[in-house]
Amino acid sequence: MNMELTQKEFRLLLDLVYVGNWVMNSARGNDRIEPYDQLQEKLFSLCGREGMSSLVQVWRGHCYPSRAYEDGGIHEAIADYEDAIFFDILAEELARRDMDSEHVNPNDVKELTARMEQYISEFEKNGVDNITIEL
């Protein structure tokens, strides 16, 4: 397969592959899914010929995203996503808890959505400042 990309498209592809690999492997410890790491390495190995050598580093014969790449805003984008999804999941879990139902009946979707929106509104105003846990 051959694909032609502009430098801008290639740079965007690097971001997509990095973020995808982060999602797939960052929480797996030593049980990484190697094909994702290999594809990321393959793409980052092309950075030099595309005039983007500052985005890649070579260590022990393998190509990795450089510190400059990792410090260039990609982790802020990942953190923004993680924050958003964290609050969405938390809102849904709390709304389900309030309804005492893990599997919401289709007739209750409006109630679930309304409860979720209340929690999301609270999180937007105060983050987690008002969450308490009784032990």
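Every read-out reported here was derived from the displayed coordinates using simple, explicitly stated rules and does not represent laboratory data. Just so it is clear, the structure is predicted and the values come from calculations on it, not from any experiment. With ideal geometry, Cβ positions are generated from the backbone for all residues, glycine too; neighbour counts draw on all protein chains shown.
So here's what we get for this one:
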| read-out | value |
| --- | --- |
| 10 Å Cβ shell holding at most 15 others, DSSP loop, GluC sites (Glu not before Pro): longest site-free stretch of the chain | 5-101 |
| Span-like helix ranges in the chain, DSSP H, alpha carbon extent 20 angstrom or more, Kyte mean at least -1.0 | 7-25, 75-98, 109-126 |
| For segment 7-65, size of Cβ-based charge dipole, Lys and Arg +1, Asp and Glu -1, in debye | 100 debye |
| Among (i) 8.5; (ii) 8.0; (iii) 13.2, the entry derived from the coordinates for mean projected area of the Cα convex hull in nm² | (iii) |
| Dipole-positive endmost among Leu16, Gly73, Leu43 within the chain (Cβ charges, Cα centre) | Leu43 |
| Euclidean distance between Cα centres, segment 1-57 to segment 115-135, Å | 37 Å |
| Equivalent ellipsoid semi-axes, segment 7-65, via Cα gyration tensor eigenvalues times 5, rooted, Å | 20, 14, 8 |
| For the chain, the longest site-free run once trypsin sites (Lys or Arg not before Pro) in DSSP loop states with at most 14 other Cβ atoms within 10 Å are removed | 61-135 |
| Nearest-20 debye value, the chain charge dipole, Cβ charges on Lys, Arg, Asp, Glu | 820 debye |
| Residue exposure sequence - Ile120, Ile33 - by fewest surrounding Cβ within 10 Å | Ile33, Ile120 |
| Charge dipole of segment 53-113 about the Cα centre (unit charges at C-beta), most positive-ward option of Val109, Trp59, Ala84 | Trp59 |
